[in-house]
Amino acid sequence: MSASAGKLNWIKLLALGLIWGASFMFISVALRDMGPLTIVAGRVGLGTLVLLVVLRMRGITLPSFKTSNGRLVWLSAAAMGLFSSALPFALLSWGQKYVASGFAGVCMAVVPLFVLPLAHFLVPGERLTLQRGISFLIGFAGVVVLIGFDALRLVGSDYEALARIACLGASLCYAAGAIITRLCPKTDMLSLSAAALLSATVIITPFALAIEGIPAMPSALSLVAILYLGLFPTALAQVLLVQVIRDAGPSFMSLVNYQVPVWSVLFGVVLLNEILPPQLYLSLALILGGLLLSRKRRQAVAA
């Protein structure tokens, strides 16, 4: 990779962190006028349309149903659509009705740590070593601090406690989605992303219509929020993601996990005037510390 290509990948990585970090703020804005499932249906539907246009412009087709490999890719895409888009988007959007956007963003730092035990059992060659186990425990301590012991006791009427668990559930969904993506048969990544988003749209739209009905015309600000969510973190980010992974590798791409929670906290505090509890910053330090420890082991092996 040349120096100029390296700089370009760093710019793309920073852009991805900014785009994904800001998405939690825009979800909070959209929730002022729309239900959580309507928001999800809107963003995945718009994201699907954008990616289909990108595929058309590049002469790439969706996976074929005519071959056994193509049908297997579509099965993987449907699972990805559920676990990487429909379900986590719904959990986050509902959760942010009761918790700050900065909290939801910090939960995303847990995704790589959730991947560790899942990969141990599901991905050949991905063993949970002692160092990775310690990193997981450190990160899990951060999770306990993040949701608080009250959430672990869980009072039935405490929607905030449920919302915290929902946001962490979204992180677990993303981790499962990452494993599914890794196990998917080889195919064009943009084609796979479009198929996954199309599957997510098919999955979530009937639920949105059945539960929340046809939405009324939202305010201009909420409409801008939906447009942002569909165009940037859902569609454009997929294009950048594929480019960075192809040019610099998945290990480099994983650095974005350090950015997203920081940006989400900054946007929430500065632009939405959110007041975040002190334990959130302690939990973020523990989670990122565990993530850093897990990465050090991988860097040592690569060296």
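None of the figures in this text is laboratory data; all of them are computed from the coordinates on show. All values derive from a computational prediction rather than experimental measurement. Cβ sites come from the backbone with ideal geometry, for glycine too, and all protein chains shown count toward neighbours.
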Net charge near Ile27 (other residues with Cβ under 14 Å of its Cβ; Lys, Arg +1; Asp, Glu -1) is +1
Lone Cys, the chain, Cβ cut-off 4.7 Å -> Cys173, Cys184
Taking the dipole of the chain about the Cα centre (Lys, Arg +1; Asp, Glu -1; charges at Cβ), the one of Met80, Pro124, Leu284 that reaches farthest to the positive side is Pro124
Ranked by GNM mean-square fluctuation in the chain (Cα springs under 10 Å), the top entry among Leu288, Leu130, Leu37 is Leu130
Env charge @ Glu126, Cβ radius under 10 Å, K,R +1 / D,E -1, value +3
Once phi for every residue in the stretch 24-41 is put through the Karplus expression 6.51 cos²θ - 1.76 cosθ + 1.60 (θ = phi - 60°), the whole-Hz ³J(HN,Hα) values, with Gly and Pro written as x, are 5, 5, 5, 4, 4, 5, 5, 5, 5, 10, 10, x, x, 6, 5, 4, 5, 4
Candidates for semi-axes √(5λ) of the Cα gyration tensor in Å are (i) 31, 23, 22; (ii) 27, 26, 19; (iii) 39, 20, 17, and the calculated one carries label (ii)
Taking the dipole of the stretch 3-302 about the Cα centre (Lys, Arg +1; Asp, Glu -1; charges at Cβ), the one of Leu113, Thr67, Ile275 that reaches farthest to the positive side is Thr67
Quick calc, the chain, dipole around Cα centre from Cβ unit charges on Lys, Arg (+) and Asp, Glu (-), nearest 20 debye, gives 980
Phi angles of the stretch 165-175, converted by Karplus (6.51 cos²θ - 1.76 cosθ + 1.60, θ = phi - 60°) into ³J(HN,Hα) in whole Hz with x for Gly and Pro, give 5, 4, 5, 5, x, 4, 4, 5, 4, 4, 5
Whole-Å distance linking the alpha carbon centroid of the stretch 176-228 with that of the stretch 127-141 is 32
Yeah, the stretch 184-255 with a ≥ b ≥ c from its alpha-carbon gyration tensor (a/c under 1.5 is rounded, else prolate when a/b outruns b/c, oblate otherwise) is oblate
Mean Cβ-within-10 Å packing, highest first, puts peptides 254-261, 87-94 in the order 87-94, 254-261
From DSSP H assignment alone, runs of 4+ in the chain each adding -39500 (n - 2.57), the sum over residues rounded to the nearest 500 puts [θ] at 222 nm at -25000 deg cm²/dmol
Residue by residue through the stretch 215-225, the couplings from Karplus 6.51 cos²θ - 1.76 cosθ + 1.60 with θ = phi - 60°, in Hz, x for Gly and Pro, are x, 6, 5, x, 5, 4, 5, 5, 5, 4, 4
